[in-house]
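Worksheet: one structure, shown below.
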Amino acid sequence: MNMDDFLRMFAYDHWANRACLSAMQTCDSVSNGTLAGETAVRDCVGRIAHILSAEKLWLERIRQQPQSMPVWPSSTVAECFEWAGRMVAAWRSYLTSLAPGGLDEKVEYRNSKGEAFSSRVEDVLIHVLMHSAYHRGQIAIQMRAAGMNPAYTDFIHAVRQGFLE
């Protein structure tokens, strides 16, 4: 993948995260106070908060910065909306400032267990995008199981609807 591809994919990631948050916001306001609905929304918000936290964590690892928040933070839908905006801006800033050949550079980091690893920047970026999509799929399954309508976040849908160039 090249830098334009990554910029496009991170734009998609942001759109999909916001679509999930919008669906959760709608479901939260119409859950009719049922325990199952409230639990599902709370769990889904926790999962999207994890997506955003992991995106921040990986950017911090790439930039060789200390981890600033837990991997599974507590959050609200409103906080996640705000956080999603900050993360898309941070990733765009990083990607547009990356030097030629930067995708092949190695990043040295420790995982949450303290184990040391070294990965190419490109592999980290792909991981971030796949990780987010994986958890958005879990959110959709959980929302459907609770009788709610999840966001339609397929990449091709974003393209067809003109959300991506």
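Can you give the charge dipole size of the chain about its Cα centre, rounded to the nearest 20 debye, using +1 on the beta carbon of Lys and Arg and -1 on the beta carbon of Asp and Glu?
On the way: 16 positive and 18 negative charges, 39 e Å.
Dipole magnitude for the chain comes out near 180 debye.
Looking at the chain as a GNM with Cα springs under 10 Å, which of Phe117, Phe81, Phe155 has the largest mean-square fluctuation?
Of Phe117, Phe81, Phe155, the most mobile in the Gaussian network model is Phe117.
Restricting to DSSP loop positions (anything but H, G, I, E, B) with no more than 14 other Cβ atoms inside 10 Å of their own Cβ, which GluC sites (Glu not before Pro) remain in region 43-143?
Glu105, Glu115
Dividing the convex hull volume of the alpha carbon atoms of the chain by its residue count, what do you get in Å³ per residue?
It comes to 112 Å³ per residue, whole-number rounded.
Loop only by DSSP, 10 or fewer other Cβ within 10 Å of the Cβ. Give me the trypsin sites (Lys or Arg not before Pro) in region 88-165 that pass, ordered by residue number.
The qualifying sites are Lys113.
Report the calculated FRET efficiency for Asp154 and Asp43 (r = Cβ-Cβ distance, R0 = 25 Å), to the nearest 0.05.
Values: r = 22 Å, r/R0 = 0.89.
Efficiency at R0 = 25 Å is approximately 0.65.
None of the figures in this text is laboratory data; all of them are computed from the coordinates on show. Predicted, not measured: the structure shown is a model, and the values here were computed from it. Virtual Cβ from ideal backbone geometry, glycine too; neighbours counted across all protein chains shown.
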